[in-house]
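Bear in mind these aren't lab numbers, they're just calculated from the coordinates by the rules spelled out. No experiment lies behind these values; they were computed from the predicted model shown. Here the Cβ positions follow ideal geometry from the backbone for every residue, glycine too, while neighbour counts run over all protein chains shown.
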Amino acid sequence: MVLSRRNFISSTAASLLVSHFIKNPPAKLPLAFSTLGCPDWEFSKILDFAAANGFAAIELRGLMGNLDLPSRPEFAPDRIAYTKRAIAAHGLKIACVSSSSNMHEAEPALREKEISDARRFIDVAAGLEAPHVRVFGNNFKGPKEQVIARVAAGMRTLGDYAGTRGVTVILESHGDFVTSPVLKAVLTQADSPYAALLWDAHHTFADGKEQPEFTVKELGQWIRHTHLKDSVLDGTERKYVLTAKGDVPVERQVEALRSIEYRGYYCFEWEKVWHPDLVDATVAFPDYARVLTEYLRKPLKKS
């Protein structure tokens, strides 16, 4: 077959284009999911599924039914470098390593246990080069102002430890800590560059009764990571549903974050660990990615 000059140039250009995309793949949208939604998946399946479905990152919240991540073999000192390489080989990042540590505890021995536990998670995050570790404020046990001060002190203590390891401790809007005045008080008193906020946008809306634009206006400077999910009222309780199928203003939550040039991940928290009757992650995760892709690719509305 005779190769004409035009065909040669066209063929060469196509080859160069393919080579460019292999070396420089298109940037993924900042989508993530929490492993809370796939509690029975092995780590290799989590990585494969995330990469195949357009996710850029994963939030680690337990593996194979075990919420104590530092005790998992994948994160043992002699294995964590291998685990980090496997994550990178899939083109993924770890968005957050989520602990169960509560900063509201007052009893000294129990409080020290919670702080020590959070430090273990910070060490895992540092080993994975993950930017964040999640903790809770959670409950008002005692006078409100005293609890706020105690939570702030815990955040500051952990921030001092985390900062030297390249990690930021983030307080989730959860439990009794779901309104902007409370969260602002904690973070202002913590007064640490390594203490910030995980905005669970469902909780501030459904439990805190705040509109997303207000929450972001009040707390935007501290938001480093998010949890997004949708639900509907079912009697007096809320029932989780697929994204955009409920009454939680997820699109407005995304738009509010975009309006402040949020640079973190939009993380789907599908709470199948706590609600095993929820639709399987093989359905819910790709559905979330499809809906969020639509939201993130829309032109941002002018204020």
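Computed quantities for the displayed model
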{"quantity": "The chain: antiparallel DSSP beta bridges as a percent of all, rounded to 5", "calculated": "20"}
{"quantity": "Computed over the chain: relative contact order in percent, which uses C-alpha pairs under 8 Å that are six or more apart", "calculated": "16"}
{"quantity": "Nearest 10 degrees, 0 to 90: helix 43-52 Cα axis against the chain principal axis", "calculated": "50"}
{"quantity": "On Cα atoms only, tilt of 281-297 relative to the major axis of the chain in degrees", "calculated": "80"}
{"quantity": "Between 0 and 90°, nearest 10: helix 250-259 axis offset from the chain longest Cα axis", "calculated": "80"}
{"quantity": "Flagged links, alpha-carbon separation over 32 Å, of K272/K302; K144/K302; K84/K272; K144/K217; K45/K141", "calculated": "K272/K302; K144/K302; K45/K141"}
{"quantity": "Cα centroid of segment 153-209 to Cα centroid of segment 276-300, whole Å", "calculated": "26"}
{"quantity": "Segment 106-145: C-alpha gyration tensor shape, a/c 1.5 cut-off, then a/b vs b/c", "calculated": "oblate"}
{"quantity": "Overall dimensions of the chain as given by Cα atoms, namely Rg and Dmax in Å", "calculated": "21.1, 86"}
{"quantity": "Ranking of R238, R134 by count of other Cβ atoms within 10 Å, fewest first", "calculated": "R238, R134"}
{"quantity": "Fewest-first sequence of L171, L110, L47 by Cβ atoms within 10 Å of each Cβ", "calculated": "L110, L47, L171"}
{"quantity": "Burial ranking of peptide ranges 159-165, 203-209, 86-92 (average Cβ count within 10 Å, highest at the top)", "calculated": "203-209, 159-165, 86-92"}
{"quantity": "Fluctuation leader among S116, S180, S99 - the chain, Gaussian network, Cα springs under 10 angstrom", "calculated": "S116"}
{"quantity": "The chain - mean residue ellipticity at 222 nm from DSSP helices (-39,500 (n - 2.57) per run, n ≥ 4, rounded to 500)", "calculated": "-14000 deg cm²/dmol"}
{"quantity": "Sites D234 and K302 - FRET efficiency at Förster radius 35 Å, r taken between beta-carbons, to 0.05", "calculated": "0.40"}
